[in-house]
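A.B. asks: The structure is given below, and queries will be raised subsequently.
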Amino acid sequence: MTDTKTERAANTRRADTYLSWQLRRPRRNRQSEALRSMVRETHLTAKDFILPLFVREGEGQRDAIDSMPDVFRLTPDLVLREAEKAFKMGIPAVILFAFVSPDKKDAKGSEAYRSDNVVNETVKLLKRELPELCVMVDIALDPYTDHGHDGVLCPKGRILNDPSCEVLGKMTLAAAEAGADFVAPSDMMDGRVGYLRRLLDSHNFQDVGILSYTVKYTSACYAPFRDALQSAPKIGDKKTYQMDPANVREALIEAKLDEDEGADMLMVKPAGLYLDVIAKMRQQTELPIAAFHVSGEYSMVKAAAQLGWIDGDRMMHEALLGIKRAGADIILSYAAPQIVPLLG
């Protein structure tokens, strides 16, 4: 009995010692999946995603993109099929990017605003067959220009801001006339959001929204995308209009400008390497924030998974969850169709 009493007293002293410094034990809320699910702070759902799709001319054709596993250039009929699958999963929106043959490219990107180009014809098809799907169109000239830049070049190779906005305006009106619900200017020209908003309103497209690529960095993560669209710049680089990866205060300036100019949603691109930017923008604005989990971020996960180094699905889910946790409301991701079925 004496030993038992002594042992109990020792246990009490140990308990008292623990209680003196560890009244909170966070592990108690991690003991089972039931508990973990109850206290989970961030949730990914199908409604959080916009699915990017690459559109090419033709019918019944699907071109694999070597640098983007499981992503394809699709003809409009197959874009419709992929959009239908995504919509049935609960993904509410797609955004279209054009693959343009070299013979249709020129210095000013005039194919971008042809009313029956492949993107506009695809918009018409999607809105006819899937009227409840939100259809967005990327507004940029690099897929359409023979030099691969997002704007009009002067003879010395400098990107001309205001003339570029005028061409982007023609592209925007053509997309709106085709039935696009949102346009997404990704060019990073100064003042283009306000210009496009006034242009849309003056042509009775007040209901067409603007998802602005507000903060688009000069990133190394775009290489697979440029491979997919064969849109890499032929001369120079994009550092005079895309942002320096070192800057965050500049991102907040861009966000304030786009909000004041009439943007409906703001975007950060890339996403995973710029979570701090997303978080700071979240503190500044009440507008919805989208983040683009870009081609390089997607392909790095895919490549590592193919080599057997990581669990690709888990890693992709974790990357996307981190973007949502940082403050993004919406995520543009090529991985959406593979991740949504895993969300439960």
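A.B. asks: Who wins for biggest fluctuation among 288, 155, 270 in a Gaussian network model of the chain, springs between alpha carbons below 10 Å?
C.D. replies: It is 155.
A.B. asks: Counting other Cβ atoms within 10 Å, which trypsin sites (Lys or Arg not before Pro) in the stretch 205-270 have at most 10 and lie in a DSSP loop?
C.D. replies: Listed in order of number, the matching sites are 234, 239.
A.B. asks: Local charge sum around residue 139 (other residues, Cβ-Cβ under 9 Å, Lys/Arg +1, Asp/Glu -1)?
C.D. replies: Once all neighbours under 9 Å are counted, the net charge is -1.
A.B. asks: With unit charges on the beta carbons (Lys and Arg positive, Asp and Glu negative) and the dipole taken about the Cα centre of the chain, which residue among 326, 199, 50 sits farthest to the positive side?
C.D. replies: It is 326.
A.B. asks: May I ask for the distance between the Cα centers of the stretch 143-192 and the stretch 259-315, given as a whole number of Å?
C.D. replies: 23
A.B. asks: Projecting each Cα onto the charge dipole of the chain (Lys/Arg +1, Asp/Glu -1 at the beta carbon, about the Cα centre), which of 167, 291, 279 comes out farthest on the positive side?
C.D. replies: In the chain, that residue is 279.
A.B. asks: Using DSSP, restrict attention to beta bridges with both residues in the chain and report what percent are antiparallel, rounded to the nearest 5.
C.D. replies: 15
A.B. asks: For the chain, what does the helix formula give at 222 nm: sum of -39500 (n - 2.57) over DSSP H segments with n ≥ 4, over the residue count, nearest 500 deg cm²/dmol?
C.D. replies: After summing the helix terms and dividing by residue count, I get -12500 deg cm²/dmol.
A.B. asks: Tell me, in nm to one decimal, what length is gained between residue 128 and residue 82 on full extension, where the rule is 0.36 nm per residue of separation less the Cα-Cα distance?
C.D. replies: 15.0 nm
A.B. asks: Same structure, new question: Cα to Cα, under 17 Å, and not fewer than 8 places away if on the same chain: which lysines meet these conditions relative to residue 269?
C.D. replies: Cα-Cα hits under 17 Å: 216, 238, 239, 256, 280, 324.
A.B. asks: Compute the signed sum of charges (Lys and Arg +1, Asp and Glu -1) over the other residues within less than 9 Å, Cβ to Cβ, of residue 210.
C.D. replies: With Lys, Arg at +1 and Asp, Glu at -1, the net is -2.
A.B. asks: Taking the Cβ-Cβ separation of residue 62 and residue 4 as r and a Förster radius of 56 Å, what is the calculated FRET efficiency to the nearest 0.05?
C.D. replies: Plugging the Cβ-Cβ distance into 1/(1 + (r/R0)^6) gives 0.15.
A.B. asks: How big is the charge dipole of the chain about its Cα centre, in debye rounded to the nearest 20, if each Lys and Arg gets +1 on its Cβ and each Asp and Glu gets -1 on its Cβ?
C.D. replies: 1640
A.B. asks: OK, next. Starting at the first residue of the stretch 272-286, write each ³J(HN,Hα) from the Karplus equation 6.51 cos²θ - 1.76 cosθ + 1.60 with θ = phi - 60°, in whole Hz, x for Gly and Pro.
C.D. replies: With the stated coefficients, the stretch 272-286 comes to x, 8, 10, 5, 5, 5, 4, 5, 5, 5, 4, 6, 8, 10, 9 Hz.
A.B. asks: Give me 278, 339 ranked fewest to most by other Cβ atoms within 10 Å of their Cβ, as a rough exposure proxy.
C.D. replies: Ascending Cβ contact count within 10 Å gives the list 339, 278.
A.B. asks: Take the chain, connect every pair of alpha-carbon atoms lying under 10 Å apart with a spring to form a Gaussian network, then pick out the residue of 202, 186, 115 with the largest mean-square fluctuation.
C.D. replies: It is 202.
A.B. asks: May I ask for the distance between the Cα centers of the stretch 114-128 and the stretch 44-88, given as a whole number of Å?
C.D. replies: 15
Computed from the coordinates by the stated procedures, all read-outs in this text should not be read as laboratory data. As the structure is a prediction and not an experimental result, all values here were calculated from the model. Don't worry about glycine lacking a Cβ; one is built from the backbone with ideal geometry, like all the others, and counts go over all protein chains shown.
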